[in-house]
Amino acid sequence: MYRLFCNNNMLICRNFSAELLDKPLDDAVMKTQAFENTRDMIKRWLEENNEDLVLDDVDNMIIAAVINTIFRQAPAAGGVVIFENSILAIERNGRPDLPKGHIENNETPKQAALREVMEETAIENLKIIKQLPSTYHCYLLDNQWTMKKTSWFLMSSDSEFKPKPQTEEGISKVYLVNKDNVNDFLENTFISLSVTLKDEILNQL
């Protein structure tokens, strides 16, 4: 299932694989009426954004072509870091979040995730356990719709919990989420995180 979040609403494509977004655009597909109709639907959803949009009966190659023509890409990576029976969290611009950031040129998602977690929290000795589901959300920037795919990784660290928030990135606090405060975190963080990573987070507590 593919879910693209815009504010608190979702574009849902239950039969679509995000891997198709990496394939070259097909000119023949983009000349079809189905492509035009699908592009109009998604653009209208972006502009109105008052409910979820489900596209289960649209050809996958059309969905991929439409998404790639509407959005520019802003790839990012981040970590769900285990500390004993807790999860590392941050408060960014007043909102609960997980450490993440943009993937730089010539950097893999794994490298970016490790770097961003360390930079934003000052937690060291990070090790990747496994890759988690990616999140997709979009926003309007300089009159251009931008889609951020965030590659998430489950991590661990054997260092002491002596965090230092990266204040220049709007981070005011680094703290631990446990069974006592996980519901508050999930209710107040971004919907893309709470929906996509909820089970993974709860399984670690």
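The Asp56 and Asn143 beta-carbon pair, evaluated with R₀ = 25 Å, returns a calculated FRET efficiency of approximately 0.25. Helix 33-48 axis versus longest C-alpha principal axis of the chain: approximately 50°, rounded to the nearest ten. Computed over the alpha-carbon atoms, region 33-74 gives an Rg to Rh ratio of 0.95, Rh here being the Kirkwood radius from the mean inverse distance.
Dividing the summed -39500 (n - 2.57) terms of all DSSP H runs of n ≥ 4 by the residue count of the chain sets its mean residue ellipticity at 222 nm at -8500 deg cm²/dmol. Taking amide H as placed 1.01 Å from N in the peptide plane, Met155 has its amide H under 5 Å from the amide H of Val80, Val81, Ile82, Ile129, each at least 5 places away in sequence or on another chain. Taking label positions 7 Å along the Cα-Cβ direction at both Arg14 and Ile129, the computed distance is 3.1 nm, reported to one decimal. Panel values: region 12-91, Kirkwood radius from alpha carbon pairs, Stokes-Einstein at 10 °C and 1.306 mPa s, translational diffusion coefficient 106 µm²/s. The length gained by stretching the chain between Asn181 and Glu168 to full extension, at 0.36 nm per residue less their Cα-Cα distance, is 2.1 nm. Taking the C-alpha atoms only, the angle from helix 109-121 to the longest principal axis of the chain is near 50 degrees. Applying the Karplus relation 6.51 cos²θ - 1.76 cosθ + 1.60 with θ = phi - 60° to region 141-157 yields 3J(HN,Hα) values of 9, 6, 6, 10, 5, 10, 10, 9, 8, 10, 7, 10, 9, 7, 10, 9, 8 Hz, where x marks Gly and Pro. In the full protein context, the chain carries 54 Å² of accessible surface per residue, based on a 1.4 Å probe and ignoring ligands, DNA and RNA.
Classify region 108-205 from the C-alpha gyration tensor, please: rounded if a/c falls under 1.5, else prolate or oblate depending on whether a/b exceeds b/c. In terms of gyration-tensor shape, rounded. The alpha-carbon positions of region 160-205 define a convex hull whose volume is 97 Å³ per residue.
Region 144-188 and region 1-68 have their alpha-carbon centroids 30 Å apart. Please grab the % of Cα pairs in region 57-158 that end up more than 18 Å from each other. Roughly 54 percent, once rounded to a whole number. On the principal axes of its alpha carbon atoms, the chain extends 58, 36, 32 Å, with the longest extent given first.
The values are calculated or read from the model by the stated rules, or taken from the named source; none is laboratory data. Predicted, not measured: the structure shown is a model, and the values here were computed from it. Cβ coordinates were reconstructed from backbone atoms using ideal geometry, including for glycine residues, and neighbour counts include every protein chain displayed. Note: accessible area is taken over every heavy atom of the protein model, side chains too, but ligands, DNA and RNA are not part of it. Shrake-Rupley method; radii C 1.70, N 1.55, O 1.52, S 1.80 Å.
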